[in-house]
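The values are calculated or read from the model by the stated rules, or taken from the named source; none is laboratory data. This one's a predicted model, so the numbers in the text were calculated from it and none came from an experiment. Heads up, the Cβs are rebuilt from the backbone with ideal geometry, glycines too, and the neighbour counts pull from every protein chain shown.
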Amino acid sequence: MNLRFILIFTIVALLLGSCSALGLTSEASPLTMTDATGHTLTLAGLPERVVIAGKATNMVQDAVYLFEEANERVIGIEDRNQSVYAFLPMVDPTFEDKGILELNAGPEQIAALQPDLVILKNFMVDKLGTPLEAINIQVLYLDLETPTAYYDDIAALGKVFGNQDRADEIIDFYQSRVDSITQAVSDLSSGQKPDVLIVEYSDKGGEVAFNVPPRTWLQTAMVEMVGGMPVWVDDAEGGGWMIVTIEQIAAWNPDQIFVIDYSGKASDVVAGLKTDSLWGELSAVENDQIFAFAYDVYSWDQPDTRWILGLQWLATKIQPQLFSDIDILSEVDTFYTQLYRMDENSIQENIIPLLTGDLP
């Protein structure tokens, strides 16, 4: 073996060693995972071109953007009613370079972005996921509907972005707060748990309606987790929001009522209900126990990343004697600094002015 060959061999070996130290390889390693629907997908390597689409986009995008890698790798997002423009420009300096898909974008529009991976909510399998897979586009489905599902979905995203340490940090952030709350209420008797009603206000088409969530949804679980008794569960077995009348609400006559408005006007709705003669006969209204659900960019009740803030906020309302130590504004600051890497100036400028609902 001559000296020149030895020298070339040594240089190549050093270069390969440097690549290995940097986490780079000459060939990407295949990535296999099982998602929230139980289906297994295999990617050639870590996806470099990720698209987020389908209904409930904000819930999916906000989970994805818990990972800083999303700034670079997400190349397209579908804009829906809870708009991507409301939050992502605050945390993604490259947002203006993203491809913004129109509402209900189909497989053809998504395929035009040439994604390595499309991330969807799990109920989009038939409508969008299967057609995408039919044209050889890989799809990852997220559930996000329960705390346990949330942890599993975050772990899956940790694999997608090659950052399991970050996934573990995020899961611990949520789990530690959930554990603190559930342990505090674990010894409460049924008599110590108030009857609670959560209603969503809607005025679509000019017709006012109040809706309750199904038994299996996160809103119901949140009430139970903080030591409340959701009064609507025996009547809400369906798969979506169910309209309820004032007569039904009066029959339940809950100790507390929490009003959700996804347009961010729950405080106005509650102010109006307090002056309504029919609502005024309810115990919750008489005792000033009707609350506008907390909201910043999005409402804190839904399976968005902010559900952990909603859980803590609910705890301070439903069991105030147990959770007087929760400083919700401090938790807001911690949430955005630790989960979205926002600095204090950005939080004060972009988040705090948006806070509505019954907050301190």
Matching residues in the stretch 76-103 (farther than 17 Å from residue 297 by Cα, part of a loop (DSSP other than H, G, I, E, B) and touching a helix residue (DSSP H, G or I) at 6+ places or on another chain (Cβ under 9 Å)) number 4
When you check residue 110 against the structure, is it assigned to a helix (DSSP H, G or I) and modelled with pLDDT of 95 or more, yes or no? yes
Go through the stretch 31-48 and report how many residues are at pLDDT 90 or above, part of a loop (DSSP other than H, G, I, E, B) and not charged (D, E, K, R). 7
Restricting attention to the stretch 281-292, does a residue exist that is among the charged types (D, E, K, R), surrounded by fewer than 21 Cβ atoms within 10 Å (Cβ to Cβ), touching a Ser or Thr at 6+ places or on another chain (Cβ under 7 Å) and part of a loop (DSSP other than H, G, I, E, B)? no
Which count do you get for residues in the stretch 100-113 that are under 30 Å from residue 347 (Cβ atoms) and crowded, with 18+ Cβ neighbours inside 10 Å? 1
Any residue that is outside any loop (DSSP other than H, G, I, E, B) and within 29 Å of residue 153 (Cβ to Cβ) - is there at least one of those in the stretch 296-306? yes
Mind checking which residues of the stretch 315-356 are in a helix (DSSP H, G or I) and of a type in the set (A, V, I, L, M)? 315, 318, 328, 329, 332, 339, 347, 351, 352, 354
Test residue 259 against the criterion of being within 22 Å of residue 306 (Cα to Cα) and either in contact with a Pro (Cβ under 8 Å, 6 or more places away or on another chain) or of a type outside the set (D, E, K, R) (or both), and give yes or no. yes
